[in-house]
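Visitor: Mind having a look at this structure? Questions to follow.
The values are calculated or read from the model by the stated rules, or taken from the named source; none is laboratory data. Small disclaimer: the values here were computed from a predicted structure and weren't measured. Methodologically, a virtual Cβ is constructed for each residue, glycine included, from the backbone with ideal geometry; neighbour enumeration extends over all protein chains shown. These accessible areas exclude ligands, DNA and RNA; they are computed on the full protein's heavy atoms, side chains included. Shrake-Rupley method; radii C 1.70, N 1.55, O 1.52, S 1.80 Å.
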Amino acid sequence: MGTLQYLMDGFAIAFQWHNILFALVGVVIGTAVGVLPGIGPMSGVALLIPVTATLTAGMPMESAAASSIILLAGVYYGAMYGGSTTSILLNTPGESSSVVTALDGYQMAQQGRAGSALSIAAIGSFVAGIVALLGLVILAQPLSKVALKFGPAEYFSLMLLGLAAVSGLAGKSMTKALIMTVAGLMLGTIGIDAVSGIARFTFNQPVLFGGLEFLTIAVGLFALGEVMKTVLEKDTGDEPVAKINRVLPTKQDLKESAMPITRGSLLGFFIGVLPGAGATLASFFSYITEKKVSKNPDSFGKGNIAGVAGPESANNAASGGAMIPLLTLGIPGSGTTAILMGALIMYNVQPGPLLFEDHPNVAWGLIASMFIGNLMLLVLNMPLIRVFAKIIQTPKKYLLPIIVAISFFGVYAVQYTTFDLYLLLGCGVLGYILSKHDYPVAPLVLALVLGPMIENNMRRALTISNGDWSIFVTKPLSLVFLIVAILWLAVPLLLKFSGRKVIVNEED
Amino acid sequence: MKFDKIAGVVFLAIGILFIVGSLNISNNAYGSTVGPKTFPLILGIILAILSLRLLYEAFTAKVKEGNTEKEKLNYSKFAIIFGAALGYAFFLEIIGYVVATFLFLVIAFQTMERGKIIYTLIISAVFSFGVYLFYVNLLGGALPKFPLFS
């Protein structure tokens, strides 16, 4: 069967009525998550895992996995649409990937062009989403065919590369990012060792035998950490919201943003495919590019529509591109895709090259549903933008305690232990303290998900080679991955020594 | 940079404890040359090295924080909400989901901003009952019951 045939089968799954409903719920919640400050795509996806798990409880395993990943992915790219809304209307980005959108978007809103800015952001996101999906469709099969030839040594090195990429770009200090990565790997070793059955670092506590649940840690570090930060540092004054006059962009607006959208989509897609370089970096690069190619760069920061169209397209394309390493290689490139991967593993569906052979319904159903989801988002965002803008006005005094309550619900519904609730609170405090002092927490969560897989592949590779560590450098592909990983860490350091500024990625 | 010094010492301690801990893991996995202790041992060593590097960076960093203004932090607000959350976790299985959630939300809302007690009561009640009914009755999930009905 060719790619087209698989895609058609995927659409057959995505068009089942309950999957359409799942996609719709996903993108609506995603948009709300993007609009609400305090909940990022990462905690949004994490919090919905227990809900989808219960919703799909009666279904056969594979269609349950397909349906829930359709919903969760909807939250992920829906949040990319929603993130622009607060940037434009309030000058406070809902997500880090929308920071640059605020530069010109807020200025446009000040000039009474909020509607144009919002709709261009939605159109750009839509175009970018489709471009990224086409790239995904074209690249998915060839890439997974290549990845099928990988042995454990190659996988081990490739995962190290993934971790190196995320640590190299995250935060201000690489030492701190690496410490967080290693800490995440360490947390992953807690529990009963899958190979030998020996309990490690459990101190004879039965609750620790199963290991620490990544969901609890992710929600605690991100959602609760953010809540604690807001409670401690900010007063709860609510800012005035810019008014939306007309929703449709003018012909002039469309003409001016056509090229930025095209450039942003392509740029964003390729940045998204790289592990570690997520939506935030993509939007920054797109903004810089637009400013460079523009005829009057001075107008940026004063309400130039290209400064909204480019970055918004780029961050959406990047979130689509980030699905490629996740689905074809089984390696998440960012915190949010790590959580999506955790959700798939919960359903016993292992992302990776075999995904397209073993579970074509899950893989292609998801891809097809993303086409539908993007169309829904475009339709939803244009007329309903006023409704979503209203969500911003939810007072913080109600929002923050409810985020805590939702986190408690989400964690308890999956784990059924109060131990995880205490762990959640502990992680919340740690998340706040760590990110306050520039210790990035995304690498920790990524390492926690990848840790057990890294260890298993390492041990399998060493078993094959009878304990000879040189297997990792004598296999050519593995050696290439390791060299790239080292370069990824070394190049920013070298640039730093030569006195250049390095763009850092702070994705949550 | 004071925080980094403390953090460096803490991470160094964790690294050393991890090394000691992994050396104590019995290494009797058969059929495999690499036992369960190898990976944690490597991690412990890497963390120890990285924290030394962090300490070095923290101590050599130029002190330019002459005029750091102390941020005003709402410690009392935070303490009450955190305490309420701890109580929420502790009492959840004792007094049931609805009551525990309701009480937590009322306390937290009122801590964030005093007044409007009726709104507070309505929103807390709607959220706690709503989540329970939706999740347990509609979706068939399980949460700690009402103490009255169990």
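Visitor: Identify, by number, the condition in (1) more than 13 Å from chain B (Cβ to nearest Cβ); (2) open to solvent by 10 Å² or more (accessible area, probe 1.4 Å) that A:ALA183 doesn't meet.
Guide: Tallying (1) more than 13 Å from chain B (Cβ to nearest Cβ); (2) open to solvent by 10 Å² or more (accessible area, probe 1.4 Å), A:ALA183 fails exactly one: (1).
Listed here are the residues, each with its yes/no results for (1) within 19 Å of A:ALA165 (Cβ to Cβ); (2) at pLDDT below 90; (3) open to solvent by 60 Å² or more (accessible area, probe 1.4 Å).
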{"residue": "A:VAL449", "(1), (2), (3)": "yes, yes, no"}
{"residue": "A:PRO452", "(1), (2), (3)": "no, yes, no"}
{"residue": "A:ALA461", "(1), (2), (3)": "no, no, no"}
{"residue": "A:ASP468", "(1), (2), (3)": "no, yes, yes"}
{"residue": "A:LEU482", "(1), (2), (3)": "yes, no, no"}
{"residue": "A:ALA490", "(1), (2), (3)": "yes, yes, no"}
{"residue": "A:GLU506", "(1), (2), (3)": "yes, yes, yes"}
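Visitor: Also, quick follow-up: Kindly list, by first and then second residue, each pair from a residue in the range A:198-216 that is free of Cβ contacts under 8 Å to residues at least 12 places away in the same chain and within 14 Å of chain B (Cβ to nearest Cβ) to a residue that is open to solvent by less than 30 Å² (accessible area, probe 1.4 Å) and assigned to a strand (DSSP E or B), limited to pairs with Cβ atoms under 8 Å and residues at least 6 apart or on different chains.
Guide: As it stands, the answer is A:ALA199/A:GLY191; A:ARG200/A:GLY191, since those pairs meet every condition given.
Visitor: Additional query: Residues in the range A:133-140: is at least one under 15 Å from A:LEU378 (Cβ atoms), in contact (Cβ under 8 Å) with a residue 60 or more places away in the chain, crowded, with 19+ Cβ neighbours inside 10 Å and touching a helix residue (DSSP H, G or I) at 6+ places or on another chain (Cβ under 7 Å)?
Guide: Checking the range A:133-140: at least one residue is under 15 Å from A:LEU378 (Cβ atoms), in contact (Cβ under 8 Å) with a residue 60 or more places away in the chain, crowded, with 19+ Cβ neighbours inside 10 Å and touching a helix residue (DSSP H, G or I) at 6+ places or on another chain (Cβ under 7 Å).
Visitor: Evaluate the following for A:PRO440: is it more than 12 Å from chain B (Cβ to nearest Cβ), open to solvent by less than 60 Å² (accessible area, probe 1.4 Å) and either polar (S, T, N, Q) or in a helix (DSSP H, G or I) (or both)?
Guide: no
Visitor: Something else: How many of the residues in the range B:103-120 are closer than 15 Å to A:LEU399 by Cα and in a helix (DSSP H, G or I)?
Guide: Count: 11.
Visitor: Right, A:SER299: of a type in the set (Ser, Thr, Tyr) and touching a residue at least 12 places away in the same chain (Cβ under 8 Å) or not?
Guide: no
Visitor: Look through B:PHE146, B:PHE90, B:PHE127 and report the one residue that is under 27 Å from the mean Cα position of the chain (by Cα), under 22 Å from A:THR418 (Cα atoms) and outside any helix (DSSP H, G or I).
Guide: B:PHE146
Visitor: If you go through the range B:90-98 one residue at a time, do you hit one that is closer than 26 Å to B:LEU73 by Cα, at the interface with chain A (Cβ under 8 Å from one of its Cβ atoms) and of a type outside the set (A, V, I, L, M, F, W, C)?
Guide: no
Visitor: While we're here: Filter the range A:411-421 down to residues that are under 26 Å from the mean Cα position of the chain (by Cα) and over 13 Å from A:GLY211 (Cβ atoms) and give me whichever is nearest to the other protein chains (Cβ to nearest Cβ). Before the answer, list the steps.
Guide: Of the range A:411-421, the ones under 26 Å from the mean Cα position of the chain (by Cα) are A:411-415, A:420-421.
If we keep only those that are over 13 Å from A:GLY211 (Cβ atoms) as well, we get A:411-414, A:421.
Values: A:VAL411: 10, A:TYR412: 7, A:ALA413: 6, A:VAL414: 10, A:LEU421: 4 Å.
Applying the filter and picking the extreme gives A:LEU421.
Visitor: Suppose the filter is more than 18 Å from A:ALA343 (Cα to Cα) and either in contact (Cβ under 8 Å) with a residue 24 or more places away in the chain or part of a helix (DSSP H, G or I) (or both); does A:LEU424 pass it?
Guide: yes
Visitor: Name the residue, out of A:ILE120, A:ILE39, that is more than 20 Å from the chain's Cα centre (by Cα), crowded, with 24+ Cβ neighbours inside 10 Å and among the β-branched types (Val, Ile, Thr). It would help to see each step written out before you state the result.
Guide: Numbers: A:ILE39 fails: more than 20 Å from the chain's Cα centre (by Cα).
On inspection, the qualifying residue turns out to be A:ILE120.
Visitor: Just need a number here: residues in the range A:167-226 that are closer than 18 Å to A:MET453 by Cβ, among the aliphatic types (A, V, I, L, M) and outside any helix (DSSP H, G or I). Can you show your working first?
Guide: So the first thing to find is which residues in the range A:167-226 are closer than 18 Å to A:MET453 by Cβ, and the list is A:167, A:181-196, A:200, A:210-215, A:217-218.
Of the ones still in play, those that are also among the aliphatic types (A, V, I, L, M) are A:182-183, A:185-187, A:190, A:192, A:194-195, A:212, A:215, A:217-218.
Restricting the remaining residues to those that are outside any helix (DSSP H, G or I) gives A:190, A:192, A:194-195, A:212.
Adding up the residues that qualify gives 5.
Visitor: Considering A:ALA363, A:ALA338, A:ALA343, A:ALA368, which residue is part of a helix (DSSP H, G or I) and in contact with a Ser or Thr (Cβ under 7 Å, 6 or more places away or on another chain)?
Guide: A:ALA343 is the lone residue from the list that is part of a helix (DSSP H, G or I) and in contact with a Ser or Thr (Cβ under 7 Å, 6 or more places away or on another chain).
Residue-wise test of (1) of a type outside the set (Asp, Glu); (2) in contact with a strand residue (DSSP E or B) (Cβ under 6 Å, 6 or more places away or on another chain); (3) open to solvent by 10 Å² or more (accessible area, probe 1.4 Å).
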| residue | (1), (2), (3) |
| --- | --- |
| A:ASN315 | yes, no, no |
| A:PRO332 | yes, no, no |
| A:ILE339 | yes, no, no |
| A:LEU344 | yes, no, no |
| A:GLU357 | no, no, yes |
| A:LEU377 | yes, no, no |
| A:LEU384 | yes, no, yes |
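Visitor: Here are some residues: A:LEU434, A:LEU446, A:LEU494. Which one is closer than 17 Å to A:ILE217 by Cβ and more than 10 Å from chain B (Cβ to nearest Cβ)?
Guide: Just one listed residue meets the conditions, A:LEU446.
Visitor: List the helices (runs of 4 or more DSSP H) inside the range A:1-75, counting only whole elements, that have at least 3 residues being farther than 30 Å from A:GLN393 by Cβ. Walk me through how you get there before you give the answer.
Guide: Values: elements: A:3-14, A:17-35, A:41-55.
Helices (runs of 4 or more DSSP H) meeting the threshold: A:3-14, A:17-35.
Visitor: Please find, among B:LEU138, B:LEU121, B:LEU86, B:LEU105, the residue that is more than 8 Å from every other protein chain (Cβ to nearest Cβ), at negative phi and modelled with pLDDT of 90 or more. Even if it seems obvious, please write down each step before you answer.
Guide: Numbers: B:LEU138 fails: modelled with pLDDT of 90 or more; B:LEU86 fails: more than 8 Å from every other protein chain (Cβ to nearest Cβ); B:LEU105 fails: more than 8 Å from every other protein chain (Cβ to nearest Cβ).
Going through B:LEU138, B:LEU121, B:LEU86, B:LEU105 in turn, the sole match is B:LEU121.
Visitor: Here is a list: A:LEU90, A:LEU103, A:LEU48, A:LEU72. Which entry is open to solvent by 10 Å² or more (accessible area, probe 1.4 Å), within 19 Å of the chain's Cα centre (by Cα) and of a type in the set (A, V, I, L, M, F, W, C)?
Guide: Result of the check over A:LEU90, A:LEU103, A:LEU48, A:LEU72: A:LEU48.
Visitor: For A:LEU446, state whether it is farther than 30 Å from A:ALA57 by Cβ and in contact (Cβ under 8 Å) with a residue 12 or more places away in the chain. Before the answer, list the steps.
Guide: Values: farther than 30 Å from A:ALA57 by Cβ: no; in contact (Cβ under 8 Å) with a residue 12 or more places away in the chain: yes.
Judged against the criteria, A:LEU446 is not a match.
Visitor: I'm trying to understand the selection: among the residues of the range A:186-197, which are more than 9 Å from every other protein chain (Cβ to nearest Cβ) and open to solvent by less than 10 Å² (accessible area, probe 1.4 Å)?
Guide: Hit for the range A:186-197 is A:GLY191, nothing else.
Visitor: If you don't mind, another one. Where residues in the range A:388-410 are of a type outside the set (Val, Ile, Thr) and more than 10 Å from chain B (Cβ to nearest Cβ), which of them is nearest to B:TYR88 (Cα to Cα)? Break it down into steps so the answer makes sense when it comes.
Guide: Initially, the range A:388-410 is screened for residues of a type outside the set (Val, Ile, Thr), giving A:388-390, A:393, A:395-401, A:405, A:407-410.
Still in the running and more than 10 Å from chain B (Cβ to nearest Cβ): A:388-390, A:393, A:410.
On the way: A:PHE388: 31, A:ALA389: 32, A:LYS390: 31, A:GLN393: 27, A:GLY410: 14 Å.
Among those residues, the one meeting the criterion is A:GLY410.
Visitor: Where the second residue is part of a helix (DSSP H, G or I) and open to solvent by 70 Å² or more (accessible area, probe 1.4 Å) and the first is touching a residue at least 24 places away in the same chain (Cβ under 8 Å) and lies in the range A:467-493, which pairs have Cβ atoms under 6 Å and are six or more apart or on separate chains?
Guide: Matching pairs, first to second residue: A:LEU479/A:VAL473.
Visitor: Being within 21 Å of A:LEU48 (Cα to Cα) and touching a residue at least 40 places away in the same chain (Cβ under 8 Å) is the filter here; which residues of the range B:92-137 pass it?
Guide: Correct list: B:LEU92, B:TYR97, B:VAL98.
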